[in-house]
Each structure stands twice: as structure tokens, then as C-alpha cells.
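Undergrad: Please see the structure below; I have some questions.
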Amino acid sequence: MSEPIPLFKPKIEEAGITRVVEALRSSWISEGRQVQAFEKTLCSQFAFPRALALNSGTAALHLALLALGIKAGDEVITTAQTFVATALAILYVGATPIFADLEAGGPNLDPEDIRRRITPKTKAILVVHYGGEPSDMDAILKIASEKSLKVIEDAAHALGAQYKSRPIGTLGDAAIFSFQAIKALTTGDGGLLVCRDEETHQRAYRLRWFGIDRANRKISELGQPEWDITEIGYKYHMNDLAASLGLGQLESYAQALTRRSELDALYRKSLNAVPGLQMLKQTPGAQGACWLFTMLADRRLEFVRALKSRGVEAAVWHRRIDHHPIFGGERPDLPRQEHFDSHQVSIPLRDSLSDSEVEKILDAVKEGW
């Protein structure tokens, strides 16, 4: 029996392989010109004001919180419908994650529930664009403006998405992206931090490499680099091998995003009337990055078993994270999160899927369970 069509399958472009080999042969494999080129290309391609390439999306979250001044005793409102890195980064800086409920019929935060959870300790909203679907940013930014809160976009799934013709990643005070192995654009592992203002960017730049301003360090006559470290920094920089792979992947990213968007539309049209399935709400005026295709399914376990028997992988991707003891245990005051968590299931949606694989996936779902 052949292997089922997998939910994820990293796609490495030949251009990326060629660039990595060139970087290896150059003998410069740590952070250098390729990292700078990757940052510059991302800014150009996605209209980011400035960017820092890092070794993970988690590192980007940590630096975003630090650079924006979030500290011990603060509260950050976020979602439980995400990977644990989102809330762990809040704990890294000593702050407390406060989980708000989801919007009805969708995977993202409900702005009005965010409002209800604001206290005098609230300093930021960490919004996740789940599966690549943009959140209701106008409503969230309005709340943040009224309450003087910082907004951080966790856009780990959402490279290339837009909200009312504005690129995701440019709407909040800071945004992060992930280039982990199974993301739509991969560097093997890696991340990106986008900052709205130069001051935040410069602080994050120093924190990226041990608190050192590498661009302005001086070399003594003895060949010793000279610098003054004023706060704790980290080893979070990206290296040239990862950046070279990313540069190669970027060459075809626009076409890949178009293909995923077309498949998303096809899936919705083909599966909308299937009994026992509910398509997720789409944000008005938004164009998603279509990284995941998640639906709400009745009798979910039977659905997963039926698709597996037909050669298609279906799976739950990211259970609600508040069930972990480190976050205080599952909250009873998130009813829409509870419904989403008990019904969500994802099926393969990748730009590398062949037309015959797409047909097989759709037929497997429409056959019922």
C-alpha cells in the first residue's frame, strides 16, 4: 500500500540548493552578506519597513517582546489556538499570557473578547494569523490605540498575506515570521522580526547577537573587537547557509502563494456542501497565505480514519495550548475555543500537490465518513 498524501512535505527549490552550495564554497557560513541580502529581499518583496533575520520564529517572538519593553508583571493578551512558542515567549520575559476566546466560526481572536480581558496590567496584544488567515486587524488596532497597548503580529503562518491591501507584518508595532522546515518558505529553520520603528529595530538588532552593536564595533590595533555590552543579549542570528536557502526559495514564492490560494478556493467550493463539515470564516478584505486548510468536522476521529483508509492524511494541527500546566490548565471561559478544539481538522494543501493528488484529496472527503 502506498504512503498517504502527507499533510506537510518540505519543498526545496533547486535555486536554494545552488545558493547553499555557493555559500559553502565561499567559506563564509555564519552571518554575513547572504543574511543581509535575505533581509533586503524580504523587505522589497513584502514591503516590510525593516527586518532582522533570526534562527527561529521563537527567537523573533522573544526579541519582539523584549524590544517593545514587555517585562515581569505585565500581561499580554493572546490566543490558545497556536503553537506553544507564542505563549512561552511571553513567559520568557516574565510576563503573563492571558488567553482570549476565538471569533465565531474562525480560528483567530475575537476583538471584543480581547477588550473584555484588558486590565491595568495589560501591555500588549499578541495576535496570531492562524493558518495564514489574517485577523480582524482594524478592530484589534482600534482597541490597542484606545488602551495604549502594543500589538505584535505572530505571522508564523502568514508570509505574503494581506489585510485590506496592506501586507501582514506591517500593521502592528512588530511582527514575526517563521521559516521552519514545514513552512511555506523554509530556511531549514529560521525566523524574521519586522519592527515598525527604528528604535525598536536597533534594540532588537543588538539583542540578536549578545547585546553587541556589530555594525559599529571597532577593531583594536591588536585585532581585538571592542564593544560595550549594556544589557543581556542572545545568540539568535541567522547564518548565511539558511539565508542562502531562503533566497533561493523566495524566487518562486509568489507563484507558490498563487497556487495555494487557488487550491484554497477550490477546496472551499468543492467541500462547502459536504454534510458534517463547516468551512472556516474568512476575514473580509483579507487575502490569506493559505498555509493550512482547516475545517470543523463532526465525528472527527471517524473523518481522520476514513481519509487515512483512502490514502490521505488528515490531522489536528495545534491543539489549544492552555491545556498545558505551565499555562495554568485548560480554561473554562473560552467556549468558542473549546468548540474549535474539539472539531478542527486539516487536510493537505501545498503548492507542490499535483492535480491528481488534489482530486484524490477532494474525492476522499466527499465520499463521507
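The values are calculated or read from the model by the stated rules, or taken from the named source; none is laboratory data. Note that this is a predicted model, so its numbers are computed, not measured. As a convention, Cβ positions derive from the backbone with ideal geometry for all residues, glycine included, and neighbour counts pool all protein chains shown. Protein only, heavy atoms only, side chains kept; ligands, DNA and RNA dropped before computing areas. Shrake-Rupley method; radii C 1.70, N 1.55, O 1.52, S 1.80 Å.
Undergrad: For region 221-300, what is the Kirkwood estimate of the hydrodynamic radius, computed as the reciprocal of the mean inverse distance between distinct Cα atoms, to one decimal in Å?
TA: One decimal place: 17.6 Å for the Kirkwood radius.
Undergrad: Determine, for each peptide in 165-172, 281-288, the mean count of other beta carbons within 10 angstrom over its residues, then list the peptides with the highest first.
TA: Final packing ranking: 165-172, 281-288.
Undergrad: Let me ask something additional. Sort the following peptides by mean Cβ neighbour count (other Cβ atoms within 10 Å, averaged over residues), highest first: 187-195, 80-88, 32-40, 250-258.
TA: Those peptides, ordered most packed to least, come out 187-195, 80-88, 32-40, 250-258.
Undergrad: Arranged from highest to lowest average of other beta-carbon atoms within 10 Å per residue, in what order do the peptides 143-152, 98-107 appear?
TA: Taking the mean over residues of other Cβ atoms within 10 Å, the ranking is 98-107, 143-152.
Undergrad: What accessible area per residue comes out for the chain, rounded to a whole number of Å², with a 1.4 Å probe?
TA: 44 Å²
Undergrad: Rounded to whole Å and ordered largest first, report the semi-axes of the equivalent ellipsoid of the chain derived from its Cα gyration tensor (root of 5λ).
TA: Computed over the chain, the values are 35, 27, 17 Å.
Undergrad: Please give the calculated 222 nm ellipticity per residue for the chain, where each DSSP H segment of at least 4 residues contributes -39500 (n - 2.57) and the sum is spread over every residue; nearest 500 deg cm²/dmol?
TA: Value at 222 nm, helices only, nearest 500: -11000 deg cm²/dmol.
Undergrad: Could you check how much of the accessible area of the chain is carbon and sulfur, as a whole percent, using a 1.4 Å probe?
TA: For the chain, the apolar C and S fraction of the accessible surface comes to 52 percent.
Undergrad: Could you pull out the GluC sites (Glu not before Pro) across region 315-369 that fall in loop regions by DSSP (anything but H, G, I, E, B) with no more than 14 other Cβ atoms inside 10 Å?
TA: Here the GluC sites (Glu not before Pro) that fit, given the DSSP loop and packing criteria, are 367.
Undergrad: Oh, and also: Run down the lysines and flag those whose C-alpha is under 25 Å from the C-alpha of residue 9, throwing out any fewer than 8 positions away in its chain.
TA: Reachable lysines: 183, 269, 308, 360, 366.
Undergrad: With a ≥ b ≥ c the root eigenvalues of the C-alpha gyration tensor of region 1-67, is it rounded (a/c under 1.5), prolate (a/b larger than b/c) or oblate?
TA: oblate
Undergrad: Could you give the distance between the Cα centres of region 27-66 and region 120-134, to the whole Å?
TA: That distance is 21 Å.
Undergrad: Taking the Cα atoms of region 294-345 alone, what are Rg (to one decimal) and Dmax (as a whole number) in Å?
TA: Here Rg and the maximum Cα pair distance are 13.0, 39 Å.
Undergrad: Moving on to the next point. For residue 121, go through the lysines and keep the ones whose alpha-carbon is under 21 Å away, minus same-chain ones fewer than eight residues off.
TA: Within reach: 71, 142, 147, 150.
Undergrad: Could you state the number of Å between the C-alpha centres of region 225-239 and region 261-299?
TA: 44 Å
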